[in-house]
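Worksheet for the structure shown next.
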Amino acid sequence: MYEPLHLFIDGKWRAGSEGKTEPVRNPANGEVLGALPHASRTDLDEALAAADRSFRTWKATSPYDRERIIRKAADLLRERVDRIAPVLTLEQGKPIGEARIEVAFAADVMQWFAEEGRRAYGRIVPGRNPNLHMKVVREPVGPVAAFTAWNFPATVPARKISAALAAGCSCIIKPSEETPGTALAVARAFEDAGLPAGVLQVVFGVPAEISEHLLRSPVIRKVTLTGSIPVGKTLARLAADGLKVLTLELGGHAPVIVDADSNPTQAAELAVAAKFRNAGQVCISPTRFFVHDSIMPDFVSRFADLASALKVGDGMDPATQMGPLANPRRVEAVESMVEDAVAKGARVVTGGKRVGNIGNFYAPTVLSGVPDAARMMREEPFGPVAPINSFTSLDEAVDRSNALPYGLAAYVFTRSADRAQRLSERLDVGLVGLNSYVVAQPEIPFGGVKDSGYGRESGIEGLGAFMVDKTITQLVA
Ligand code: NAD
């Protein structure tokens, strides 16, 4: 089920030239799934040369032909969902049903970019001088270096690769070393769809060494990362040296404001489904619940009942509703944030402990009365933890929501159209969900403000992120 792992460079599936590997582990039981080859500097130079060479031919390929290949790759991903979803669950941990949805979603994203690549229109601009003809054409920015994290191992690589390719760029991607099999399956779909050799490379290794080597190369013109804030800042510094265009998606700490007029039971039911998806390891996961004090008891009690009833286990078991955390670092981080919150006065309503002693399992956890000074209220928890606090005035809820350096997603639950509108204006984020947690779709821009990063993925903006506008003037006799 878990196939051997490779690098993919210039159309070849191969080992690293220096023979280095690292083990990939199943987070449900710690067992080794495979040996992941590391790319040497020589391998990276080959990847760069291939991306440089193929950029010229891929850029010259018509958007019509590019669409056929990317769309075919999307179709292949859909056909292969029964093979790819288990790989995703084995290496990342999420329940197999969630893995299937993710693979299907990745295919939708790829299809959307395939189609949108044909609509990257330029424009004709009327000149002051009637003999001066002016036009703006959109061109691919150049070879791309992409870096992706482990939480959505199909969607995030698929989104970056398909947007880059649809724009006419070649791409070198370094997916997470913890979830390589899924990214390789995405690359395999592109190869089988007829993508010419060298347009897409997949490399692995020591992340800091790979990003440094790729970003120092003059070949790379665009860098895109989904990851943590510290890594984003490191890549921003490296990109600045070469003045490379950068898109950063660095996670968030999404507030949820549940207004007094909300139905607390329904709001809690929606919140639990959103909170424990992928065990909370989602950059737009709802992470700070601010609930009006008049409905707080009902909200907390329904939320805790549902959370404690979730079946936690190996994601390969179809009955599992929440899998393990993706790596031991997350369990340690969540455990220490919960300890810190309790020491500062929070009450554990349910959970608050590890589950078993094999694998990276942590119980769905609900805390109330968590002081704003607790670490989990300031650092991205990225785990199955829901701190729920009450508020009395919406002004207070907005101020607390905006208090952090993060600014990715925020959610508001209210029946008042006026308040929904006003709150959506006042929240300092890139994504607002009103009575909904659905803010990530292929057709709409996705991204944050402040420390959550800059630039947008998905939507027409996501395609534009891989393009440059070229202005052409012509004096006509
Ligand atoms: P991390 O910062 O060590 O790694 C995050 C990802 O970046 C990994 O895939 C890693 O391979 C890659 N990476 C690390 N150093 C790099 C470098 N110098 N150059 C290029 N890539 C590099 O963090 P982690 O322990 O894996 O996750 C911790 C935190 O990261 C989470 O708590 C969360 O805040 C954040 N995160 C955010 C997202 C997101 O969707 N934006 C996804 C995963 C993790």
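The residues on offer are 417, 409, 403, 440, and the sole one that is open to solvent by less than 60 Å² (accessible area, probe 1.4 Å) and either aromatic (Phe, Trp, Tyr) or assigned by TED's automatic domain parsing to the domain that holds residue 365 (or both) is 409.
Residue check: residue 34 meets all listed conditions (1) assigned to a helix (DSSP H, G or I); (2) open to solvent by 10 Å² or more (accessible area, probe 1.4 Å); (3) touching a Leu at 6+ places or on another chain (Cβ under 7 Å); (4) of a type in the set (Gly, Ala, Ser) but one, namely (1). Would you mind stating whether residue 176 is within 15 Å of the ligand (Cβ to nearest atom) and within 15 Å of the chain's Cα centre (by Cα)? Here the answer is yes, as residue 176 does meet what is asked. Note on segment 69-83: residues that are open to solvent by 20 Å² or more (accessible area, probe 1.4 Å) and either assigned to a helix (DSSP H, G or I) or outside the structural domain of residue 222 (by TED's automatic domain parsing) (or both) total 9. Taking segment 146-173 as the range and being more than 16 Å from the ligand (Cβ to nearest atom) and over 24 Å from residue 282 (Cβ atoms) as the test, the residues that pass are 165, 166, 167, 168, 169, 170. When residue 234 is tested against (1) open to solvent by less than 20 Å² (accessible area, probe 1.4 Å); (2) of a type outside the set (Asp, Glu); (3) over 27 Å from residue 427 (Cβ atoms), only condition (1) is not met. Could you tell me whether residue 390 is outside the structural domain of residue 347 (by TED's automatic domain parsing), surrounded by 19 or more Cβ atoms within 10 Å (Cβ to Cβ) and at pLDDT 95 or above? Considered against the rule, which asks whether it is outside the structural domain of residue 347 (by TED's automatic domain parsing), surrounded by 19 or more Cβ atoms within 10 Å (Cβ to Cβ) and at pLDDT 95 or above, residue 390 comes out as no.
Among the residues of segment 421-439, not a single one is touching a Cys at 6+ places or on another chain (Cβ under 9 Å) and within 27 Å of residue 167 (Cα to Cα).
In segment 339-353, which residue that is in contact with a strand residue (DSSP E or B) (Cβ under 7 Å, 6 or more places away or on another chain) and assigned to a helix (DSSP H, G or I) is least open to solvent (accessible area, probe 1.4 Å)? Across segment 339-353, the extreme among qualifying residues is 341. In segment 325-337, the residues that are near the ligand (Cβ under 9 Å from one of its atoms) form Cβ pairs under 8 Å with partners that are among the polar types (S, T, N, Q) and assigned to a helix (DSSP H, G or I), at six or more places apart or across chains, as follows: 326/92.
Would you confirm whether or not segment 111-134 contains a residue that is assigned to a strand (DSSP E or B), surrounded by 15 or more Cβ atoms within 10 Å (Cβ to Cβ) and more than 16 Å from the ligand (Cβ to nearest atom)? Scanning segment 111-134 turns up at least one residue that is assigned to a strand (DSSP E or B), surrounded by 15 or more Cβ atoms within 10 Å (Cβ to Cβ) and more than 16 Å from the ligand (Cβ to nearest atom).
Residues are listed down the side, and each one gets a yes or a no for (1) within 16 Å of the ligand (Cβ to nearest atom); (2) over 19 Å from the mean Cα position of the chain (by Cα); (3) modelled with pLDDT of 95 or more:
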position	(1), (2), (3)
394	no, yes, yes
401	no, yes, yes
407	yes, no, yes
418	no, yes, yes
456	yes, no, yes
461	no, no, yes
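Segment 196-288 holds helices (runs of 4 or more DSSP H) entirely within its bounds, and those carrying 2 or more residues that are within 13 Å of the ligand (Cβ to nearest atom) and touching a strand residue (DSSP E or B) at 6+ places or on another chain (Cβ under 9 Å) map to 207-216, 229-241. Of the residues screened, residue 182 is not one that is at pLDDT 95 or above, assigned to a strand (DSSP E or B), buried (at least 24 other Cβ atoms within 10 Å of the Cβ) and within 15 Å of the ligand (Cβ to nearest atom). When you check residue 191 against the structure, is it within 9 Å of the ligand (Cβ to nearest atom), over 20 Å from the mean Cα position of the chain (by Cα) and among the charged types (D, E, K, R), yes or no? Against the criterion (within 9 Å of the ligand (Cβ to nearest atom), over 20 Å from the mean Cα position of the chain (by Cα) and among the charged types (D, E, K, R)), residue 191 does not qualify. Residue count for segment 291-309 under the criterion of being outside any helix (DSSP H, G or I) and buried (at least 23 other Cβ atoms within 10 Å of the Cβ): the result is 1. Check segment 192-206 and report whether any residue there is in contact with a Leu (Cβ under 9 Å, 6 or more places away or on another chain) and either open to solvent by 30 Å² or more (accessible area, probe 1.4 Å) or free of Cβ contacts under 8 Å to residues at least 60 places away in the same chain (or both). Yes, the conditions are met somewhere in segment 192-206.
Against the test of being assigned by TED's automatic domain parsing to the domain that holds residue 180, open to solvent by 70 Å² or more (accessible area, probe 1.4 Å) and under 16 Å from residue 171 (Cα atoms), the options 56, 41, 25, 66 yield a single qualifying residue, 56.
All but one of (1) in contact (Cβ under 8 Å) with a residue 60 or more places away in the chain; (2) open to solvent by 30 Å² or more (accessible area, probe 1.4 Å) hold for residue 258; state the number of the condition that does not hold. Only one criterion is unmet by residue 258, namely (2). Considering (1) touching a strand residue (DSSP E or B) at 6+ places or on another chain (Cβ under 6 Å); (2) crowded, with 24+ Cβ neighbours inside 10 Å; (3) outside any loop (DSSP other than H, G, I, E, B), the lone condition that residue 169 does not fulfil carries the number (3).
Take residue 318 and decide whether it is open to solvent by 50 Å² or more (accessible area, probe 1.4 Å) and within 16 Å of the ligand (Cβ to nearest atom). Full working, then the answer.
Values: open to solvent by 50 Å² or more (accessible area, probe 1.4 Å): yes; within 16 Å of the ligand (Cβ to nearest atom): no.
Judged against the criteria, residue 318 is not a match.
Every residue in segment 354-372 that is in contact (Cβ under 8 Å) with a residue 24 or more places away in the chain and either open to solvent by 50 Å² or more (accessible area, probe 1.4 Å) or in a loop (DSSP other than H, G, I, E, B) (or both), please. Once the filter is applied, which keeps residues that are in contact (Cβ under 8 Å) with a residue 24 or more places away in the chain and either open to solvent by 50 Å² or more (accessible area, probe 1.4 Å) or in a loop (DSSP other than H, G, I, E, B) (or both), segment 354-372 yields 355, 358, 359, 360, 361, 363, 364, 369, 370, 371, 372.
The values are calculated or read from the model by the stated rules, or taken from the named source; none is laboratory data. Worth saying up front: this structure is predicted, and the values here are computed from it rather than measured. As a convention, Cβ positions derive from the backbone with ideal geometry for all residues, glycine included, and neighbour counts pool all protein chains shown. Quick note on the areas: whole protein, heavy atoms, side chains included, nothing else; ligands and nucleic acids left out. Shrake-Rupley method; radii C 1.70, N 1.55, O 1.52, S 1.80 Å.
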